[in-house]
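The values are calculated or read from the model by the stated rules, or taken from the named source; none is laboratory data. For clarity, every value in this text was computed on a predicted model and none was experimentally measured. Cβ sites come from the backbone with ideal geometry, for glycine too, and all protein chains shown count toward neighbours. What goes into the accessible areas is simple: the full protein's heavy atoms, side chains included, and nothing from ligands, DNA or RNA. Shrake-Rupley method; radii C 1.70, N 1.55, O 1.52, S 1.80 Å.
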Amino acid sequence: MTLIVDILDRAARQCSVSSPSNWVTSQDLSALEIRDFMGETVDDILSRIETPQPIGASATITGDGGATYALPASFKRLKRGAYAVRERDDACIPVADDGDWSYLVHRGSTGGDRYFRVTGIDGASSMEFYRPLEAGAEVSVEYVSTLWAQSATGAGIADLSAGDDISRLPRRLIEAGIVWRWRERKGLDFGGKLAEYEAMLARFSNDSRTARVVSFGKRNVYKPFDVPVPDFIPGA
């Protein structure tokens, strides 16, 4: 693991910028720009990569009879796997469109399925279920957190706050992301550094997902409406 200030120092040298005496408190315009580019780079990585623990995280929602439950403050987005939200061995079904959700609630019947959607804003997200979770029902949620770094004590953090903070993301990946953004801002050739960044991002993605398919020996479960039914069924 690498100190975040060391990443910033290395990126600054590649941008031919003098590092400030203190990256945390500096108000120098160039230093602020490089910190901004670091934030944009980290946000891009977390938006695109299924990061493993400790950036990837899990939460358990325990039902109390209600429909809406708060997600952790560090929640950034759900992981994209089919079982990112599951109740026991069954995947909950995502609903992305508000119209679909309204129709679902208005219809008032889901059979044995459990539907969900994520609502709210960054730092204050919630998960809403239909059917509402019965008291004691448990839903497991796999998500990508905003905690891409950690303090000297090991606590997860979402931004640089001290000189001894450590990055949980690869050093060179963040550096490349900062540098190509800097070069683009200054009107310099950034294509080579962008290509380097994208190649490292793809490699990090592949290394984070060493197994492409996980099989537990269970056959695919088909829902009733997955099987087409003809409009007319002839008599025997």
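Taking residue 96 as meeting all but one of (1) surrounded by 12 or more Cβ atoms within 10 Å (Cβ to Cβ); (2) modelled with pLDDT under 95; (3) of a type in the set (A, V, I, L, M, F, W, C), write down the number of the exception.
With respect to (1) surrounded by 12 or more Cβ atoms within 10 Å (Cβ to Cβ); (2) modelled with pLDDT under 95; (3) of a type in the set (A, V, I, L, M, F, W, C), residue 96 is out only on (1).
Can you give me the ranges of the helices (runs of 4 or more DSSP H) entirely in segment 2-119 with at least 3 residues that are within 23 Å of the chain's Cα centre (by Cα)?
Passing ranges, in order: 29-48.
Go through segment 14-23 and count every residue that is touching a residue at least 12 places away in the same chain (Cβ under 8 Å) and open to solvent by less than 60 Å² (accessible area, probe 1.4 Å).
Total meeting the criteria: 4.
I need the full set of residues from segment 126-149 which are assigned to a strand (DSSP E or B), polar (S, T, N, Q) and surrounded by 19 or more Cβ atoms within 10 Å (Cβ to Cβ), in order please.
145, the sole residue that qualifies.
Looking only at segment 139-151, decide whether some residue is more than 19 Å from the chain's Cα centre (by Cα) and β-branched (Val, Ile, Thr). Don't jump to the end; show me each part of the working.
First, pick out the residues of segment 139-151 that are more than 19 Å from the chain's Cα centre (by Cα): 151.
Subsequent filtering for residues that are β-branched (Val, Ile, Thr) retains none.
Within segment 139-151 (the criterion being more than 19 Å from the chain's Cα centre (by Cα) and β-branched (Val, Ile, Thr)), the answer is no, since none of the residues qualifies.
Would you say residue 163 is open to solvent by 10 Å² or more (accessible area, probe 1.4 Å), assigned to a loop (DSSP other than H, G, I, E, B) and in contact with a Gly (Cβ under 9 Å, 6 or more places away or on another chain)? Show your work before the answer.
Numbers: open to solvent by 10 Å² or more (accessible area, probe 1.4 Å): yes; assigned to a loop (DSSP other than H, G, I, E, B): yes; in contact with a Gly (Cβ under 9 Å, 6 or more places away or on another chain): no.
Against the criterion (open to solvent by 10 Å² or more (accessible area, probe 1.4 Å), assigned to a loop (DSSP other than H, G, I, E, B) and in contact with a Gly (Cβ under 9 Å, 6 or more places away or on another chain)), residue 163 does not qualify.
Would you be able to tell me the number of residues in segment 24-64 that are closer than 27 Å to residue 116 by Cβ and open to solvent by 50 Å² or more (accessible area, probe 1.4 Å)?
Qualifying residue count, segment 24-64: 9.
Would you point out which residue out of 186, 218 is surrounded by fewer than 18 Cβ atoms within 10 Å (Cβ to Cβ), out of contact with any helix residue (DSSP H, G or I) (no Cβ under 9 Å at 6 or more places or on another chain) and modelled with pLDDT under 95?
Result of the check over 186, 218: 218.
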